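These notes concern the structure reproduced below.
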């Protein structure tokens, strides 16, 4: 743990700016409050029947959160110049477009409805959703890396030299009490375990195998998420803004949790901040993958146990 605390201490000594953090914290709090008060994403975006409008709304939401966080650097005199960099804004727009497209594109649903038996349609769609990040996020980011950064660094975050992983496993263990507390909350149990939302109940070997496959796809999506947020959004942007890439990533990361329980959304800011600091300083996402995936699987296990003890 001393390794991690040393990295965090270095970040606060060399890179932290209170003049930027305070506006970002207020901005994030406003975004969270508006979303949960209005149930904005679910009511106005997720089920919008007009495809073009739905894609545009996703772009607006993510550009507001991610681009807005960069605009707030105007509050910090030492960082104002970065806001005027057109290459930075080109990368921000590229990022918003590919991420919005990932959540907007669902035309594969029609193929599933046409060719998959009704009982298995829901889980097949969940397989596709969890694996689609590789196509719509990893591949475009890899293309950008190959064209721009391949001579400067390995593919964003896939770097293990000199990285000590043991402290990350300790961080996962430290989260167990908090997860067990969360398992007593109704909104948490309404969301987790995710495997209960596949629509495949019962103990038949086929259903259990399909549910296990879902958990594997769910895990792959966490690896891809860690690559995108702690890898691409920090290590690709660092060439323009250095450590200033960390907090805008956190705001964007909060925005993708808007349909999750409120406590999870709030904690995503601080969890993303810690993992972002570690990724920036180590140039590796392996520790983040351990923490992110470990916590996600613990949430599945603890929530499943809670449902078995007290079915809702």
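The values are calculated or read from the model by the stated rules, or taken from the named source; none is laboratory data. All figures in this text were calculated on a predicted structure; none of them were measured in a lab. Counting neighbours? That spans all protein chains shown, and the Cβs are built from the backbone with ideal geometry, glycine included.
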*Could we say that residue 12 is more than 30 Å from residue 107 (Cα to Cα), at pLDDT 90 or above and assigned to a helix (DSSP H, G or I) here?*
yes
*asked:* Scan the range 223-242 and tell me whether some residue there is in contact (Cβ under 8 Å) with a residue 12 or more places away in the chain and in a loop (DSSP other than H, G, I, E, B).
replied: yes
*Would it be correct to say that residue 217 is surrounded by fewer than 23 Cβ atoms within 10 Å (Cβ to Cβ) and within 25 Å of residue 97 (Cα to Cα)?*
yes
*Would you mind finding the one in 139, 155 that is modelled with pLDDT of 90 or more and in a loop (DSSP other than H, G, I, E, B)?*
155
*asked:* Quick check on residue 124: is it farther than 27 Å from residue 59 by Cβ, out of contact with any strand residue (DSSP E or B) (no Cβ under 9 Å at 6 or more places or on another chain) and part of a helix (DSSP H, G or I)?
replied: yes
*So residue 147 clears everything in (1) within 22 Å of the chain's Cα centre (by Cα); (2) farther than 23 Å from residue 253 by Cβ; (3) modelled with pLDDT of 90 or more except one condition, right? Which one?*
(1)
*Return the total of residues in the range 179-203 being closer than 16 Å to residue 122 by Cβ and either in contact with a helix residue (DSSP H, G or I) (Cβ under 7 Å, 6 or more places away or on another chain) or not in a helix (DSSP H, G or I) (or both).*
9
*Which of the residues belonging to the range 51-62 are farther than 11 Å from residue 104 by Cα and crowded, with 19+ Cβ neighbours inside 10 Å?*
61, 62
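If you go through the range 23-50, how many residues are in a helix (DSSP H, G or I) and exposed (fewer than 13 other Cβ atoms within 10 Å of the Cβ)? Explain how you work it out, then say what you get.
Applying the first criterion (in a helix (DSSP H, G or I)) to the range 23-50 yields 23-38, 40-46.
So of that shortlist, the ones also exposed (fewer than 13 other Cβ atoms within 10 Å of the Cβ) come out as 26, 30, 33-34, 37-38, 42-43.
So the count comes out to 8.
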_Suppose we keep only residues that are modelled with pLDDT of 85 or more and outside any helix (DSSP H, G or I) within the range 160-178. Which one would you say is surrounded by the fewest Cβ atoms within 10 Å (Cβ to Cβ)?_
165
*Scan of the range 91-103 for residues that are over 16 Å from residue 64 (Cβ atoms) and over 16 Å from the mean Cα position of the chain (by Cα), ordered by number*: 91, 94
